[in-house]
Amino acid sequence: MKGGLKIDKLVASNVKMEKVNLGIQAVGGRVEVDPLSASLYQGNLTGSASVNANTNRFSMKAQLGEVAIGPLLRDALNSNLLEGRGNVALDVQTGGATVRAMKKALSGSANLALRDSGLKGVNLGELLRKAKSLRGSNPPTEQKTTPAERTDFTELGASFVIRNGIAHNDDLSAKSPLLRLAGSGDIDIGANSIDYLIKASVVASSGGQGGKELAELRGVTVPVKVTGPLDAPHFRADLGATVGDAVKHRAEDRLRERAQDRLKSLLRR
């Protein structure tokens, strides 16, 4: 078979698409879809795909441009962890008789670059403000946050290597006027769970969320562990480590100030 297929509206594995345009060529139980294009989640998809009915295998290469990542992740992975708008690149392969089996067998790579994004479930600025207010005391070692909270970023990027349904990332980069994020960890697509470590640092800025209040924590890194199901993850922030770092930085600043004062005094002599 050789031809084309146009679909006005399509739902595939709970992902909603419109204006789907497929170029199809089938021979010997193998179907090649090229080109593949569609409108989805306020953006667009372009790419190609193939299905091998003999081995029950599926593969796809696609570029998603200017998509709203929040509703896409909610429909595709039942995750409400991230919001934003931007570009996603996919190169994935899988196989299996059911959607669940295909998720567990997924492999390949993915990249995303978002702007005006938000990490939902935790307000990192508020956690840092609490760490600042608790300096000199014995703060609790962890704190849970709620899905209603969020941290806003001007840009966010990450790449993933996917093997056996587990997407591993070690190059998270997110920026706001106040915060910088790095991170690494795993998203288990087959088990619908996450095990991830975020490292949030305060940068020298008076803008953003609570920037003036957090000026003394410049350079301090807060480790935040994200675990649990994708639809309801838990965030645990090590406030004790944060306060310890803050005390260390302040002590180093005082030592530098004393050394500079001592040097000035010697030069005046």
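Restricted to region 109-144, and to residues there that are in contact with a Lys or Arg (Cβ under 9 Å, 6 or more places away or on another chain) and more than 25 Å from ALA232 (Cβ to Cβ), the residue that is modelled with the lowest pLDDT is PRO139. All conditions but one from (1) at pLDDT below 80; (2) surrounded by fewer than 16 Cβ atoms within 10 Å (Cβ to Cβ); (3) not in a helix (DSSP H, G or I) apply to ASP261; the one that does not is (3). Elements of the type strands (runs of 3 or more DSSP E) sitting completely within region 150-203 and holding at least 1 residues that are on the phi > 0 side of the Ramachandran plot and surrounded by 16 or more Cβ atoms within 10 Å (Cβ to Cβ): these cover 179-188. THR242 falls short of the stated requirement of being closer than 16 Å to LEU197 by Cβ, modelled with pLDDT of 70 or more, touching a strand residue (DSSP E or B) at 6+ places or on another chain (Cβ under 9 Å) and surrounded by 14 or more Cβ atoms within 10 Å (Cβ to Cβ).
State which residue is surrounded by the fewest Cβ atoms within 10 Å (Cβ to Cβ) when the search covers only region 8-30 and only residues that are among the polar types (S, T, N, Q) and modelled with pLDDT under 95. Result: SER13.
The values are calculated or read from the model by the stated rules, or taken from the named source; none is laboratory data. Quantities reported herein were computed from a predicted structural model and do not represent experimental measurements. Don't worry about glycine lacking a Cβ; one is built from the backbone with ideal geometry, like all the others, and counts go over all protein chains shown.
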